Amino acid sequence: MSQAELISQELDTAISSPTAQPYIPEPHDRRNPNAWDALYVDQAIPVDPISKGYMIRDLRNWTRSYLLVPIALIANLLLAIIMTVKRLLPFQFSNYTLMHQSAAWFLNTFVSPEACYLIVRHICLGSNIVNFLIDNGPDPAIEKSQLYPRTVGNLAENAFLEHDLILYNFVLDYSKAQREKPHWIEPVKERGLNFDSIKSVQVDIDFKKRRWLRILDLESAIELFKVFYSLCLTSDEFERAVLSLEFDENFGCYISALTGDYNWNHVITNRHPLAPESPFGAARNLLLHGIISEYLHRYLELRKEMAQTVSDR
(Lines give C-alpha, C1' and ligand atoms only; values in the text may rest on other atoms or scores of the structure.)
Protein backbone atom coordinates (compact mmCIF):
# COMPACT_ATOMS: atom_id res chain seq x y z
CA MET A 1 0.00 0.00 0.00
CA SER A 2 1.38 3.41 -0.99
CA GLN A 3 1.70 6.40 1.34
CA ALA A 4 -1.20 8.18 -0.39
CA GLU A 5 -3.42 5.11 0.04
CA LEU A 6 -2.54 4.84 3.74
CA ILE A 7 -3.37 8.50 4.35
CA SER A 8 -6.65 8.29 2.44
CA GLN A 9 -7.72 5.12 4.25
CA GLU A 10 -7.04 6.56 7.71
CA LEU A 11 -8.81 9.82 6.90
CA ASP A 12 -11.89 7.97 5.65
CA THR A 13 -11.91 5.89 8.84
CA ALA A 14 -11.58 8.97 11.03
CA ILE A 15 -14.41 10.85 9.31
CA SER A 16 -16.73 7.86 9.48
CA SER A 17 -16.05 7.27 13.20
CA PRO A 18 -17.47 10.23 15.16
CA THR A 19 -16.66 8.64 18.52
CA ALA A 20 -12.97 8.46 17.66
CA GLN A 21 -12.61 11.73 15.79
CA PRO A 22 -12.65 15.22 17.35
CA TYR A 23 -13.53 16.99 14.10
CA ILE A 24 -16.26 16.00 11.66
CA PRO A 25 -16.52 17.98 8.41
CA GLU A 26 -19.88 19.44 7.47
CA PRO A 27 -21.74 18.36 4.30
CA HIS A 28 -20.03 19.98 1.34
CA ASP A 29 -21.89 23.11 0.19
CA ARG A 30 -20.41 24.04 -3.18
CA ARG A 31 -21.78 27.59 -2.95
CA ASN A 32 -20.42 28.10 0.56
CA PRO A 33 -17.47 25.74 1.16
CA ASN A 34 -16.10 25.50 4.69
CA ALA A 35 -12.46 26.64 4.84
CA TRP A 36 -11.72 24.61 7.98
CA ASP A 37 -13.17 21.46 6.42
CA ALA A 38 -10.92 21.96 3.40
CA LEU A 39 -7.90 22.36 5.67
CA TYR A 40 -8.82 19.21 7.58
CA VAL A 41 -9.46 16.86 4.65
CA ASP A 42 -6.52 18.09 2.55
CA GLN A 43 -3.87 15.37 2.39
CA ALA A 44 -0.96 17.28 0.85
CA ILE A 45 0.94 17.29 4.17
CA PRO A 46 0.16 14.18 6.26
CA VAL A 47 -0.82 14.72 9.90
CA ASP A 48 -2.26 12.28 12.42
CA PRO A 49 -6.06 12.59 11.92
CA ILE A 50 -6.86 12.83 15.64
CA SER A 51 -4.24 15.50 16.29
CA LYS A 52 -5.28 17.41 13.19
CA GLY A 53 -8.86 17.44 14.44
CA TYR A 54 -7.76 19.03 17.71
CA MET A 55 -5.56 21.49 15.79
CA ILE A 56 -8.52 22.66 13.72
CA ARG A 57 -10.68 23.01 16.81
CA ASP A 58 -7.92 25.03 18.48
CA LEU A 59 -7.54 27.29 15.44
CA ARG A 60 -11.30 27.94 15.46
CA ASN A 61 -11.23 28.96 19.12
CA TRP A 62 -12.71 32.46 19.51
CA THR A 63 -9.84 33.55 21.77
CA ARG A 64 -7.45 33.19 18.84
CA SER A 65 -9.54 35.63 16.81
CA TYR A 66 -10.22 38.21 19.52
CA LEU A 67 -7.60 37.90 22.26
CA LEU A 68 -4.37 36.74 20.61
CA VAL A 69 -3.24 40.14 19.31
CA PRO A 70 -3.76 42.10 22.57
CA ILE A 71 -2.31 39.21 24.58
CA ALA A 72 0.79 39.18 22.36
CA LEU A 73 1.28 42.94 22.71
CA ILE A 74 1.04 42.85 26.50
CA ALA A 75 3.18 39.71 26.76
CA ASN A 76 5.99 41.17 24.63
CA LEU A 77 5.99 44.39 26.64
CA LEU A 78 6.34 42.42 29.87
CA LEU A 79 8.97 40.18 28.28
CA ALA A 80 11.05 43.22 27.27
CA ILE A 81 10.95 44.55 30.83
CA ILE A 82 11.89 41.19 32.39
CA MET A 83 14.72 40.52 29.92
CA THR A 84 16.17 44.00 30.39
CA VAL A 85 16.01 43.90 34.19
CA LYS A 86 17.49 40.39 34.40
CA ARG A 87 20.38 41.36 32.12
CA LEU A 88 21.14 44.40 34.29
CA LEU A 89 21.01 42.58 37.61
CA PRO A 90 24.39 41.56 39.05
CA PHE A 91 23.00 38.09 39.82
CA GLN A 92 20.78 35.49 38.13
CA PHE A 93 18.00 33.40 39.64
CA SER A 94 15.71 30.56 38.58
CA ASN A 95 12.94 28.46 40.05
CA TYR A 96 12.15 25.33 38.03
CA THR A 97 9.65 23.92 40.52
CA LEU A 98 7.59 27.10 40.58
CA MET A 99 7.73 27.37 36.80
CA HIS A 100 6.46 23.85 36.14
CA GLN A 101 3.84 23.77 38.88
CA SER A 102 2.55 27.13 37.69
CA ALA A 103 2.47 25.85 34.11
CA ALA A 104 0.38 22.83 35.08
CA TRP A 105 -2.01 25.02 37.11
CA PHE A 106 -2.28 27.56 34.28
CA LEU A 107 -3.03 24.87 31.70
CA ASN A 108 -5.60 23.15 33.88
CA THR A 109 -7.28 26.45 34.79
CA PHE A 110 -7.25 28.67 31.71
CA VAL A 111 -6.29 26.63 28.62
CA SER A 112 -8.65 24.63 26.42
CA PRO A 113 -8.48 20.81 26.53
CA GLU A 114 -7.53 20.77 22.83
CA ALA A 115 -4.45 22.91 23.45
CA CYS A 116 -3.52 20.86 26.53
CA TYR A 117 -3.75 17.66 24.48
CA LEU A 118 -1.40 19.05 21.83
CA ILE A 119 1.12 20.25 24.43
CA VAL A 120 1.34 16.93 26.30
CA ARG A 121 1.45 14.98 23.03
CA HIS A 122 4.26 17.18 21.71
CA ILE A 123 6.59 16.20 24.57
CA CYS A 124 5.99 12.52 23.79
CA LEU A 125 6.54 12.96 20.04
CA GLY A 126 9.86 14.64 20.75
CA SER A 127 10.98 11.61 22.76
CA ASN A 128 9.93 9.24 19.97
CA ILE A 129 11.87 11.20 17.35
CA VAL A 130 15.04 11.44 19.46
CA ASN A 131 14.88 7.72 20.28
CA PHE A 132 14.39 6.84 16.60
CA LEU A 133 17.54 8.77 15.70
CA ILE A 134 19.47 7.02 18.47
CA ASP A 135 18.26 3.58 17.33
CA ASN A 136 19.48 4.32 13.81
CA GLY A 137 22.44 6.52 14.64
CA PRO A 138 26.18 6.17 14.98
CA ASP A 139 25.95 5.11 18.65
CA PRO A 140 22.81 3.25 19.83
CA ALA A 141 24.20 3.44 23.38
CA ILE A 142 23.39 7.17 23.63
CA GLU A 143 20.98 7.73 26.50
CA LYS A 144 17.38 7.58 25.29
CA SER A 145 14.54 9.81 26.36
CA GLN A 146 12.15 8.45 28.98
CA LEU A 147 10.01 11.58 29.01
CA TYR A 148 6.44 10.48 28.26
CA PRO A 149 3.91 12.55 30.22
CA ARG A 150 0.28 11.45 29.94
CA THR A 151 -1.50 14.25 31.74
CA VAL A 152 -1.11 17.97 32.29
CA GLY A 153 -0.24 17.16 35.91
CA ASN A 154 2.79 15.18 34.71
CA LEU A 155 4.19 18.37 33.18
CA ALA A 156 4.76 19.71 36.70
CA GLU A 157 7.63 17.21 37.04
CA ASN A 158 10.10 19.50 35.21
CA ALA A 159 8.87 18.25 31.82
CA PHE A 160 9.60 21.43 29.84
CA LEU A 161 13.14 21.78 31.19
CA GLU A 162 13.82 18.07 30.64
CA HIS A 163 12.47 18.35 27.08
CA ASP A 164 15.07 21.02 26.27
CA LEU A 165 17.90 19.19 28.06
CA ILE A 166 17.12 15.99 26.14
CA LEU A 167 17.32 17.86 22.84
CA TYR A 168 20.63 19.57 23.55
CA ASN A 169 22.30 16.52 25.08
CA PHE A 170 21.18 14.43 22.13
CA VAL A 171 22.61 16.89 19.58
CA LEU A 172 25.94 17.01 21.42
CA ASP A 173 26.15 13.22 21.86
CA TYR A 174 24.99 12.52 18.30
CA SER A 175 27.52 14.95 16.80
CA LYS A 176 30.34 13.45 18.85
CA ALA A 177 29.41 9.93 17.72
CA GLN A 178 29.29 11.06 14.09
CA ARG A 179 32.81 12.45 14.36
CA GLU A 180 34.09 9.25 15.95
CA LYS A 181 32.37 7.01 13.36
CA PRO A 182 32.41 8.93 10.07
CA HIS A 183 31.15 5.94 8.03
CA TRP A 184 28.36 4.90 10.39
CA ILE A 185 25.47 5.46 8.01
CA GLU A 186 26.39 2.75 5.47
CA PRO A 187 25.80 -0.24 7.80
CA VAL A 188 22.59 1.38 9.10
CA LYS A 189 21.17 1.59 5.58
CA GLU A 190 22.30 -1.95 4.79
CA ARG A 191 20.46 -3.47 7.74
CA GLY A 192 17.38 -1.27 7.33
CA LEU A 193 15.83 1.30 9.62
CA ASN A 194 14.55 0.40 13.07
CA PHE A 195 11.14 1.98 13.68
CA ASP A 196 10.51 0.54 17.15
CA SER A 197 10.64 3.97 18.77
CA ILE A 198 7.95 5.37 16.48
CA LYS A 199 4.99 4.28 18.56
CA SER A 200 1.61 5.67 19.52
CA VAL A 201 1.53 7.91 22.57
CA GLN A 202 -1.07 7.96 25.31
CA VAL A 203 -2.49 11.33 26.35
CA ASP A 204 -5.17 11.50 29.04
CA ILE A 205 -7.16 14.71 28.74
CA ASP A 206 -10.77 14.94 29.90
CA PHE A 207 -12.68 16.74 27.14
CA LYS A 208 -16.03 16.32 28.87
CA LYS A 209 -15.32 18.53 31.87
CA ARG A 210 -15.09 22.02 30.41
CA ARG A 211 -14.77 24.63 33.14
CA TRP A 212 -15.83 28.10 32.02
CA LEU A 213 -12.34 29.59 32.41
CA ARG A 214 -10.67 26.97 30.20
CA ILE A 215 -10.95 28.97 27.01
CA LEU A 216 -7.50 29.95 25.75
CA ASP A 217 -6.20 28.66 22.43
CA LEU A 218 -2.70 27.24 22.15
CA GLU A 219 -0.84 30.28 20.78
CA SER A 220 -2.50 32.72 23.21
CA ALA A 221 -1.55 30.43 26.10
CA ILE A 222 2.06 30.25 24.92
CA GLU A 223 2.24 34.03 24.60
CA LEU A 224 1.20 34.43 28.22
CA PHE A 225 3.31 31.67 29.66
CA LYS A 226 6.51 32.70 27.88
CA VAL A 227 6.52 35.75 30.18
CA PHE A 228 6.51 33.60 33.31
CA TYR A 229 8.99 31.22 31.66
CA SER A 230 11.46 34.09 31.18
CA LEU A 231 10.95 35.16 34.80
CA CYS A 232 11.64 31.71 36.26
CA LEU A 233 14.78 31.00 34.23
CA THR A 234 18.15 32.72 34.13
CA SER A 235 18.79 34.87 31.07
CA ASP A 236 21.05 32.21 29.56
CA GLU A 237 18.54 29.42 30.22
CA PHE A 238 15.74 31.38 28.59
CA GLU A 239 17.95 32.12 25.59
CA ARG A 240 18.76 28.40 25.34
CA ALA A 241 15.05 27.50 25.46
CA VAL A 242 14.26 29.96 22.66
CA LEU A 243 17.20 28.74 20.57
CA SER A 244 15.98 25.13 20.82
CA LEU A 245 13.21 26.05 18.37
CA GLU A 246 15.86 26.63 15.69
CA PHE A 247 16.80 22.94 15.54
CA ASP A 248 13.81 21.80 13.48
CA GLU A 249 15.77 22.05 10.25
CA ASN A 250 18.65 20.05 11.76
CA PHE A 251 16.34 17.23 12.84
CA GLY A 252 14.75 17.18 9.42
CA CYS A 253 18.20 16.75 7.89
CA TYR A 254 19.05 13.97 10.37
CA ILE A 255 15.95 12.06 9.26
CA SER A 256 16.50 12.70 5.56
CA ALA A 257 20.09 11.47 5.77
CA LEU A 258 18.75 8.14 7.07
CA THR A 259 15.83 7.79 4.65
CA GLY A 260 17.49 9.36 1.62
CA ASP A 261 14.34 11.45 1.16
CA TYR A 262 14.68 15.23 1.21
CA ASN A 263 11.48 15.91 -0.74
CA TRP A 264 9.40 16.69 2.36
CA ASN A 265 11.81 19.13 4.03
CA HIS A 266 10.06 22.13 2.54
CA VAL A 267 7.41 21.85 5.29
CA ILE A 268 10.04 22.82 7.89
CA THR A 269 9.73 26.57 8.46
CA ASN A 270 11.91 27.03 11.57
CA ARG A 271 15.15 27.28 9.62
CA HIS A 272 18.66 28.69 9.73
CA PRO A 273 19.77 27.99 13.33
CA LEU A 274 22.81 30.24 12.86
CA ALA A 275 20.45 33.19 12.45
CA PRO A 276 18.27 32.84 15.58
CA GLU A 277 14.84 34.42 15.76
CA SER A 278 13.99 37.08 18.33
CA PRO A 279 12.59 35.88 21.69
CA PHE A 280 9.58 38.10 21.00
CA GLY A 281 8.51 35.69 18.27
CA ALA A 282 9.00 32.64 20.47
CA ALA A 283 5.28 31.88 20.83
CA ARG A 284 4.72 31.76 17.09
CA ASN A 285 7.89 29.74 16.56
CA LEU A 286 6.87 27.31 19.30
CA LEU A 287 3.50 26.84 17.61
CA LEU A 288 5.29 26.10 14.34
CA HIS A 289 7.70 23.77 16.17
CA GLY A 290 4.75 21.75 17.44
CA ILE A 291 3.23 21.49 13.96
CA ILE A 292 6.56 20.53 12.39
CA SER A 293 7.03 17.82 15.04
CA GLU A 294 3.60 16.46 14.09
CA TYR A 295 4.62 16.48 10.41
CA LEU A 296 7.91 14.71 11.12
CA HIS A 297 6.41 12.08 13.39
CA ARG A 298 3.63 11.36 10.90
CA TYR A 299 6.18 11.02 8.13
CA LEU A 300 8.03 8.41 10.19
CA GLU A 301 4.78 6.60 11.04
CA LEU A 302 3.97 6.29 7.34
CA ARG A 303 7.50 5.06 6.56
CA LYS A 304 7.08 2.47 9.31
CA GLU A 305 3.73 1.28 7.93
CA MET A 306 5.14 1.04 4.41
CA ALA A 307 8.17 -0.91 5.67
CA GLN A 308 5.86 -3.34 7.53
CA THR A 309 3.73 -3.79 4.40
CA VAL A 310 6.82 -4.69 2.37
CA SER A 311 8.09 -7.15 5.01
CA ASP A 312 4.70 -8.85 5.21
CA ARG A 313 4.61 -9.66 1.51
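The values are calculated or read from the model by the stated rules, or taken from the named source; none is laboratory data. Not measured: the values here are computed from a predicted model. With ideal geometry, Cβ positions are generated from the backbone for all residues, glycine too; neighbour counts draw on all protein chains shown. Protein only, heavy atoms only, side chains kept; ligands, DNA and RNA dropped before computing areas. Shrake-Rupley method; radii C 1.70, N 1.55, O 1.52, S 1.80 Å.
The condition of being open to solvent by 20 Å² or more (accessible area, probe 1.4 Å), within 17 Å of the chain's Cα centre (by Cα) and at pLDDT 95 or above holds for only one of L288, L296, L300, that being L288.
Selection over segment 77-112 of residues that are open to solvent by 40 Å² or more (accessible area, probe 1.4 Å) and either under 25 Å from the mean Cα position of the chain (by Cα) or not aromatic (F, W, Y) (or both) gives a count of 20. Residues in segment 231-248 that are open to solvent by 40 Å² or more (accessible area, probe 1.4 Å) and closer than 18 Å to L167 by Cα: D236, E239, R240, L243.
Table: residues versus (1) of a type in the set (F, W, Y); (2) over 24 Å from L59 (Cβ atoms).
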residue: M83; (1), (2): no, yes
residue: F106; (1), (2): yes, no
residue: S112; (1), (2): no, no
residue: G126; (1), (2): no, no
residue: I134; (1), (2): no, yes
residue: Y148; (1), (2): yes, yes
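Looking at segment 255-268, is at least one residue charged (D, E, K, R) and surrounded by 15 or more Cβ atoms within 10 Å (Cβ to Cβ)? Within segment 255-268 (the criterion being charged (D, E, K, R) and surrounded by 15 or more Cβ atoms within 10 Å (Cβ to Cβ)), the answer is no, since none of the residues qualifies. With respect to being open to solvent by less than 20 Å² (accessible area, probe 1.4 Å), assigned to a loop (DSSP other than H, G, I, E, B), within 30 Å of S102 (Cβ to Cβ) and in contact (Cβ under 8 Å) with a residue 12 or more places away in the chain, S127 falls outside the description. Look at segment 160-189: where a residue is farther than 30 Å from I119 by Cβ and a partner is assigned to a helix (DSSP H, G or I) and open to solvent by 40 Å² or more (accessible area, probe 1.4 Å), sitting 6+ places away or on another chain with Cβ atoms under 8 Å, you get W184/Q178.
Quick check on my filter: what residues within segment 269-285 are among the hydrophobic types (A, V, I, L, M, F, W, C) and buried (at least 19 other Cβ atoms within 10 Å of the Cβ)?
Step one: filter segment 269-285 for residues among the hydrophobic types (A, V, I, L, M, F, W, C), giving 274-275, 280, 282-283.
Hits for segment 269-285 are A282, A283.
Any idea how many residues of segment 171-223 are more than 22 Å from E294 (Cα to Cα), open to solvent by 50 Å² or more (accessible area, probe 1.4 Å) and out of contact with any helix residue (DSSP H, G or I) (no Cβ under 6 Å at 6 or more places or on another chain)? Qualifying residue count for the region: 19.
Taking the condition under 22 Å from C124 (Cα atoms) and touching a Cys at 6+ places or on another chain (Cβ under 7 Å), does I222 pass? Can you show your working first?
Numbers: under 22 Å from C124 (Cα atoms): yes; touching a Cys at 6+ places or on another chain (Cβ under 7 Å): no.
In short, no.
Residues in segment 7-34 that are at pLDDT 55 or above and under 24 Å from the mean Cα position of the chain (by Cα) were compared, and the one that is surrounded by the fewest Cβ atoms within 10 Å (Cβ to Cβ) is A20.
Only one of the numbered conditions (1) part of a loop (DSSP other than H, G, I, E, B); (2) within 30 Å of P25 (Cβ to Cβ) is violated by Y117, and that is (1).
Do we have P138 as outside any helix (DSSP H, G or I) and either touching a residue at least 12 places away in the same chain (Cβ under 8 Å) or closer than 30 Å to P49 by Cα (or both) here? Steps first, please.
Values: outside any helix (DSSP H, G or I): yes; either touching a residue at least 12 places away in the same chain (Cβ under 8 Å) or closer than 30 Å to P49 by Cα (or both): yes.
Yes: the conditions hold for P138.
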